[in-house]
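The values are calculated or read from the model by the stated rules, or taken from the named source; none is laboratory data. This is a predicted model, so every value here is computed, not measured. Positions of Cβ are backbone-derived with ideal geometry, glycine not excepted, and every protein chain shown enters the neighbour counts.
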């Protein structure tokens, strides 16, 4: 198809429509090749054409255009590439759409339902795709020589847990609370590895033969108030303790008798040589009253010996509540050590090396030298309406896993030997 370089965007639009109507097979990597040639990034292209990074990413990787405003966006993209000096025939090749059999109508350019986003959703700085689970494709596993994904069922023993300085401190704090009946709250963002460390604690207690009973109340429907779900009350905690100490015991019905019964059961168990740790996940959903009552569980003693330690596993909302001026939780704040799981950041390369070493694959076999810096830069979040000073890292294991899986899938589709900064920018 020979066309003059001066062809207008509207004429280009008709040419692309004709190419699609004729049944031309779309070359999904043509646009990626243009981006590589010009050194473009998803962020810069999104700013130039007035769209979001996630929309540009879908166009770049699978040729899927948005349902709303797709025609106008396509026209702006044509003009953008022409202004960058790309010959018109290459623009036509690069912008052949995925749904190529139906013409350039709004319904023909619609992305698959699962990928459709509203304008409001795509204007947020934190790309929601970063939080979506991403599977490593069979094509990518073959491309990089992996028998299976290193990010699925990847933690099956304590040796599988990556030991960053932050993780080591959290592990030590949890074990100290178990051994010496302390009070600790492990706080971290979603995907930071909090639940993994709680499971790791139980595995280490078993492996080391420690006489520590970990008591875990069920929190499946727990919410901070009864309007959204079911609150976890101190009575429920007492029932969980009694059931863990003696599954056959019949718990007393009156509150006074029930707590006296639990206190005596803890005394008997402690005199038999056992220690006890109450471990509550999703603790940011605990109501203030229950948080306050945890102090009273800690005060259960046999003489001067504490009978129970408490470990809370929570998202940062708990830290904010405990650091507030709320008088209801002041006593808890004064006694609870808050330990935060830090982002990987400087430990990113070590984390990825650890993951791939479990499959006898070297980090350098998958990533180019500029990949780690690109991942760190990609995983910076600025809240809506925030300033640069409000930026924070979301470089946590689960988010890293999702981003790396998408990048490895994209590299395999493009037949690129390694994941580099350009691939990361497109994800």
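Looking only at residues of the stretch 172-183 that are in contact with a helix residue (DSSP H, G or I) (Cβ under 6 Å, 6 or more places away or on another chain) and under 17 Å from residue 205 (Cα atoms), we find that the one that is surrounded by the fewest Cβ atoms within 10 Å (Cβ to Cβ) is 182.
For the stretch 376-392, the criterion of being closer than 20 Å to residue 56 by Cβ and in a helix (DSSP H, G or I) is met by at least one residue.
Need at least 3 residues that are in the same structural domain as residue 283 (by TED's automatic domain parsing) and closer than 15 Å to residue 342 by Cα per element, so show me which helices (runs of 4 or more DSSP H) inside the stretch 133-208 make the cut, counting only ones lying wholly within it.
Ranges flagged: 165-180, 194-207.
From the list 377, 371, 414, which residue is over 18 Å from residue 193 (Cα atoms), more than 21 Å from the chain's Cα centre (by Cα) and in the same structural domain as residue 135 (by TED's automatic domain parsing)?
Details: 377 fails: more than 21 Å from the chain's Cα centre (by Cα); 371 fails: more than 21 Å from the chain's Cα centre (by Cα).
On inspection, the qualifying residue turns out to be 414.
When residue 320 is tested against (1) part of a helix (DSSP H, G or I); (2) in contact with a helix residue (DSSP H, G or I) (Cβ under 6 Å, 6 or more places away or on another chain), just one condition goes unmet, and that condition is (2). When the test is whether a residue is modelled with pLDDT of 90 or more, part of a loop (DSSP other than H, G, I, E, B), in the same structural domain as residue 178 (by TED's automatic domain parsing) and within 23 Å of residue 312 (Cβ to Cβ), residue 247 does not pass it.
Does residue 349 satisfy being under 30 Å from residue 142 (Cα atoms), over 24 Å from the mean Cα position of the chain (by Cα) and not assigned by TED's automatic domain parsing to the domain that holds residue 286? It is false that residue 349 is under 30 Å from residue 142 (Cα atoms), over 24 Å from the mean Cα position of the chain (by Cα) and not assigned by TED's automatic domain parsing to the domain that holds residue 286.
Would you mind stating whether residue 269 is assigned by TED's automatic domain parsing to the domain that holds residue 302, at negative phi and out of contact with any strand residue (DSSP E or B) (no Cβ under 8 Å at 6 or more places or on another chain)?
Criteria not met by residue 269.
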